[in-house]
Amino acid sequence: MPSLKVRISPPIQPIPRGLGFYQSEDESLHVLIGGSAASRRFFSFIDSPSTRFDLDREGRIMFCEIAAPKKGWQTIENLNPPSIIEAADVRWMDFRKSIEPPEFFTNEKQDRLLILLSHETAEFNYYLAESVILQVSRSDNACALLVSEIVDDSAGRKISAFKKEMRGQLSWSSHLKRMVDIPATRS
């Protein structure tokens, strides 16, 4: 797997919100990173047949889409977040780049996903968002992305509520409380 170079700097803002939403209808994972501020607009991407990372003009990841169903993720034991994770300003140096399909590893509950981008040894762990951790090699290459919290979503209800909460229009916890009362639709 070719390397994806990143630049690590001291953090310039608090760790943004982030969460993975597994869309059962199209069997894909959507990972939101940070808010949808007017200053953060799509500029470029890094993609493969099964992944897409959307980047803003400064090289920060805004969104990830994993077009690989859960049934294809390899289950491993002890898929836990690293014990030491640092806050940082992470900028991706590669733009408009196609990469080989990464490997996907999950835990038994399938509420975490490790996206293996490289077989280099990860030396450092940085928050891209609260539930999204980037593992980086000593030579500043991206090794893996860990989504440490994934919720099952049907009809995009939870991702929509999360986006509204990011804009301050609705509390995520109050929406989840209301979602318990909404019956899930079956295909």
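The values are calculated or read from the model by the stated rules, or taken from the named source; none is laboratory data. Note that the structure is a prediction, hence the values are computed from the model and not measured. Here the Cβ positions follow ideal geometry from the backbone for every residue, glycine too, while neighbour counts run over all protein chains shown.
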Positions within segment 138-151 being in contact with a Ser or Thr (Cβ under 6 Å, 6 or more places away or on another chain) and either surrounded by fewer than 21 Cβ atoms within 10 Å (Cβ to Cβ) or part of a strand (DSSP E or B) (or both), in sequence order:
Asn141, Cys143, Glu149
Just to be sure, is Glu65 part of a loop (DSSP other than H, G, I, E, B) and without any contact (Cβ under 8 Å) to a residue 40 or more places away in the chain?
no
Over segment 88-113, the set of residues part of a strand (DSSP E or B), modelled with pLDDT of 95 or more and either small (Gly, Ala, Ser) or under 19 Å from Val151 (Cβ atoms) (or both) is Phe104, Phe105, Thr106, Leu113
Inside segment 100-126, can you point out the residues that are buried (at least 18 other Cβ atoms within 10 Å of the Cβ), within 27 Å of Gln23 (Cβ to Cβ) and hydrophobic (A, V, I, L, M, F, W, C)?
Phe104, Leu113, Leu114, Ile115, Leu117
Which one is farthest from Gln23 (Cα to Cα) among residues in segment 70-99 that are among the basic types (Lys, Arg) and surrounded by 10 or more Cβ atoms within 10 Å (Cβ to Cβ)?
Arg91
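To keep it simple, each residue is scored yes or no on (1) touching a residue at least 24 places away in the same chain (Cβ under 8 Å); (2) in contact with a Pro (Cβ under 9 Å, 6 or more places away or on another chain); (3) farther than 25 Å from Ile8 by Cβ.
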position: Lys70; (1), (2), (3): yes, no, yes
position: Trp92; (1), (2), (3): yes, no, no
position: Glu100; (1), (2), (3): yes, yes, no
position: Phe105; (1), (2), (3): yes, no, no
position: Gln135; (1), (2), (3): yes, yes, no
position: Ile159; (1), (2), (3): yes, no, yes
